[in-house]
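The values are calculated or read from the model by the stated rules, or taken from the named source; none is laboratory data. Just so it is clear, the structure is predicted and the values come from calculations on it, not from any experiment. Note that we place each Cβ from the backbone using ideal geometry, even for glycine, and neighbour counts take in every protein chain shown. Only protein heavy atoms, including side chains, enter the accessible area calculation; ligands, DNA and RNA are left aside. Shrake-Rupley method; radii C 1.70, N 1.55, O 1.52, S 1.80 Å.
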Amino acid sequence: MPTHRRPSALAPSAPSAPSASSAPSASSVLALGAALLVAAALGGCAPSAGKAAPAGAVTAPLPTAVPAGVTLRIADQNDLLKTTLAAAGQDKDLPYQVSWSSFQGGPAVLEAFRAGAADVGFVSDAPVVFAQAHGQDARVVGVVQNSPDAVHLWTSPGSAARTVADLKGKKIAYTEGTTFQPAVLTALKNAGLKPSDVTLVKLNPPEIPAALAAGQVDAGTLTEPLVSKYGTGYQDKGAHELADDKALTSGLQLLIAPGAVVADGARSAALADLAARFTRAELWITAHKDAWVQSYYVDSQKLPAEVGRAVVANNGTATIPDYTTAAARLQRITDVLAESGAIGALDVSAAFDRRFDAVQAAAAKG
């Protein structure tokens, strides 16, 4: 959920190949803490079977008041949404009860939906696409737009590649089911390459810098603060960012809810209130980035402030897009995934519950 919403793994300044016998160190503990953040930010969803195909749009007007006795079960990721609301003062005087659960990554959030254990969750773009593609009815009830330039492609120290086209016949590391997957596919498409023109190597985000440093892959997907850490350790050895790695993702972060929840009057009323608070909290963070870094990265996640500042700077300034615009941006990465064969053809706009567009628009006006 990367401005602040795409936290990524913090690699040691000199990554090395993983070793089963290595003893935990201060740097590895710090790397683990930030690795948990990348799971929340990338929020991927590996393909899995859904229980039912998405149903049609819910057309009943959203209730204007939350009935007494409603509890909203929120599937958070590493306390990101919870801290966002609290930092912005949007967790006060809720007209419903809240039950928080914290997960690591989009797949876990969607699994909570399948188990009937959560009413709403916070994810990146990839989970929504894969959920719809595999028959899971997950609806978008909140949207924030961050930078589409937050995923970067860096080379190994020995690579002479300067553009994505130069990677033909080479190995590229990415993380399947996350924002990194459509990012790599988009980069290849923009360069006139097919996935079969390269070797795609599936790695977890914290493993990619190590693979790059060891020359096990020629290029790999990175986001902050991995970009800064890897660049600091290996730029003077020849590692560099590819020149044409811009606009590789949608930059969207989303509140999603199961179709049965958005169709339920009482819980949909609570979702509308949450979507409004989420909107105001996101815009508060836009104007209070230093306070957000302190609240989340330093106080909540016990990470250095420079980690938070790097992520915030990398991901730009959050805005609240209308749902037509957001759906079009998500459709672009959906089409790239479909063209690659990762999913079937899909109209992802069906996932957006347009009733919440008006809720967010009103909240954004103050």
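Here are a few things to note about the model shown:
- Inside segment 97-116, residues that are part of a strand (DSSP E or B) and within 16 Å of the chain's Cα centre (by Cα) make up a count of 2.
- Which numbered condition SER300 misses (of (1) at pLDDT below 95; (2) surrounded by fewer than 16 Cβ atoms within 10 Å (Cβ to Cβ); (3) of a type in the set (S, T, N, Q)): (2)
- Residues in segment 226-246 that are open to solvent by 60 Å² or more (accessible area, probe 1.4 Å) and of a type in the set (A, V, I, L, M, F, W, C): ALA243 only.
- Yes/no for ALA191 being more than 27 Å from GLN77 (Cα to Cα) and surrounded by 23 or more Cβ atoms within 10 Å (Cβ to Cβ): no
- Residues that are farther than 28 Å from GLN104 by Cα and touching a strand residue (DSSP E or B) at 6+ places or on another chain (Cβ under 7 Å) occur at least once in segment 170-190.
- Flag if ARG355 is open to solvent by 20 Å² or more (accessible area, probe 1.4 Å) and more than 22 Å from LEU185 (Cβ to Cβ): yes
- Verdict on LEU193 being assigned to a loop (DSSP other than H, G, I, E, B), more than 16 Å from VAL151 (Cα to Cα) and modelled with pLDDT of 95 or more: yes
Conditions tested, residue by residue: (1) open to solvent by less than 10 Å² (accessible area, probe 1.4 Å); (2) assigned to a helix (DSSP H, G or I); (3) not polar (S, T, N, Q).
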{"position": "LEU255", "(1), (2), (3)": "yes, no, yes"}
{"position": "ALA260", "(1), (2), (3)": "no, yes, yes"}
{"position": "LEU274", "(1), (2), (3)": "yes, yes, yes"}
{"position": "ALA291", "(1), (2), (3)": "no, yes, yes"}
{"position": "ALA310", "(1), (2), (3)": "no, yes, yes"}
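- If you go through segment 194-223 and keep only what is open to solvent by 20 Å² or more (accessible area, probe 1.4 Å) and either under 21 Å from the mean Cα position of the chain (by Cα) or of a type in the set (A, V, I, L, M, F, W, C) (or both), you end up with LEU200, VAL201, LYS202, LEU203, ASN204, PRO206, GLU207, ALA213, ALA214.
- Selection of segment 312-327 for residues being open to solvent by 50 Å² or more (accessible area, probe 1.4 Å) and part of a helix (DSSP H, G or I) yields ALA313, THR324.
- Condition met for LYS168 (more than 30 Å from ASP137 (Cα to Cα), in contact with a Pro (Cβ under 6 Å, 6 or more places away or on another chain) and either surrounded by fewer than 24 Cβ atoms within 10 Å (Cβ to Cβ) or small (Gly, Ala, Ser) (or both)): no
- Residue count for segment 125-162 under the criterion of being open to solvent by less than 10 Å² (accessible area, probe 1.4 Å) and either within 23 Å of VAL312 (Cα to Cα) or assigned to a helix (DSSP H, G or I) (or both): the result is 14.
- Taken over segment 69-82, the criterion of being open to solvent by 10 Å² or more (accessible area, probe 1.4 Å) and either closer than 21 Å to LEU110 by Cα or part of a strand (DSSP E or B) (or both) is satisfied by THR71, ARG73, ASN78, ASP79, LYS82.
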